[in-house]
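The values are calculated or read from the model by the stated rules, or taken from the named source; none is laboratory data. This one's a predicted model, so the numbers in the text were calculated from it and none came from an experiment. In this analysis, Cβ positions are derived from the backbone assuming ideal geometry, glycine residues included, and neighbour counts consider all displayed protein chains. Note: areas computed on protein heavy atoms with side chains; ligands, DNA, RNA excluded. Shrake-Rupley method; radii C 1.70, N 1.55, O 1.52, S 1.80 Å.
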Amino acid sequence: MAYVADLPESTVLASDYFHSYSVIGLLALIGVLFVAVAFGAGRLLRPVVPTPEKLLTYECGVDPVGEGWAHTQVRYYVYAFLYVIFAVDSIFLFPWATVFAAPGYGATTLVEMFIFLGFLAVGLLYAWKKGVLEWT
């Protein structure tokens, strides 16, 4: 039968292993209690004076009258979509620049990146020809 004193120093005991998790659990419990106390104090200390203006639905300062449907222009979504496309594509350019500098990958990565940029250019040309980029 082996005793704790007989174990090598590199051996991790289960009690040490679960002790580290108990510290994490204690910190999580303290965090939850801190948030609960903050919300409870806010609920007890805030003034409650309901007025008709406070009971209205907030819509950017405009009184909510009429029907709930609001027509928005599709072009806003198109520009947002184009921005997201080019933002994501620019993220692909950063790893390419680091790989391109590495020895042995220069010509291959250069050709692949020009193919990638070609697809982007074709997509942008298609959107331009369809008149998507015009604001009229």
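Annotations for the structure displayed:
- Charge sum, other residues only, whose C-beta stays under 12 Å from PHE119's C-beta, Lys/Arg counted +1 and Asp/Glu -1: -2
- Carbon plus sulfur fraction of accessible area for the range 77-136, probe 1.4 Å, in percent: 79
- When the residues THR109, THR51 are ordered by accessible surface, computed with a 1.4 Å probe over the protein chains alone, the sequence from largest down reads THR51, THR109.
- FRET efficiency, VAL37 to LEU120 (Cβ-Cβ, R0 35 Å, nearest 0.05): 0.10
- Within the assembled protein chains, the solvent-accessible surface assigned to PHE100 is about 90 Å², based on a 1.4 Å probe.
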